[in-house]
Amino acid sequence: MIEIPTGRPLYPQSLKVELGLLRTDRSRERWLVNWRVGDYVELSAARSGFTNAKELVGVQINLYPELPNYAPGISVGVTDLFNRSAHGRGYYLALSYSVPMLGETPLDYDLRFHLGFGFKEMPPLFVGFEIPLTNHLFVLAEHTGRDINAALVWQPIPSLQVRASIIQRRTSWSLLIQLGEE
């Protein structure tokens, strides 16, 4: 997704890196790194002009893997582990559920729904979805509990995405690289 955590850990990739630039202020770049350690733990780090260029660290543990069209993936996690942002450290429970895109021309990617419940400094409710338009073009949208974010994603190859996003009411362009596909 764009900013919200999901119940689906990085898979089959083991590393995801996103490098972006806010259109309105080139000094406000953003980067995000997600690293899957083993099968159940995912570490994240981010630096963003949205958070006054502070590095933020998080950890997520997958409690139950997603079984598409059958059962949601369930994860718990901590955002801003070192309590550096204006919002502070937050805790969450996130669920993700996939529905295959079938029809006359089935797609290789599923329609995904995400729902989360936050505690402490995390918003109490956040939602999101991923809609594949084709096998190479996607729409992402989410309500973080504070803002509505959206992105149009072009994926020319499975390990690379080009994203045009509106995040916290600002335009952002980014490249997302995924490594370690099994």
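Beyond 21 Å, the tail of the calculated P(r) for the chain holds 48 percent of the Cα pairs. The separation of segment 158-176 from segment 104-150, counted between C-alpha centres, amounts to 14 Å. With the simple model of a label 7 Å out from the Cα in the direction of the Cβ, A150 to W173 spans 2.0 nm.
Highest-first packing order for the peptide set 107-116, 78-87 is 107-116, 78-87, based on the mean count of other beta carbon atoms within 10 Å.
Put a plus charge on the Cβ of each Lys and Arg, a minus charge on the Cβ of each Asp and Glu, and nothing anywhere else: the dipole of the chain about its Cα centre is then about 800 debye.
Given R₀ = 35 Å, what would the calculated FRET efficiency be for E55 paired with D108, taking r from the Cβ atoms and rounding to 0.05? The computed FRET efficiency comes out at 0.50. The residues neighbouring P65, those whose beta-carbon lies less than 12 Å from its own, together hold a net charge of -1 under the Lys/Arg +1, Asp/Glu -1 convention.
Since every read-out is calculated from the coordinates, none of them should be taken as a lab result. Keep in mind the model is a prediction, meaning the values are calculated, not measured. As a convention, Cβ positions derive from the backbone with ideal geometry for all residues, glycine included, and neighbour counts pool all protein chains shown.
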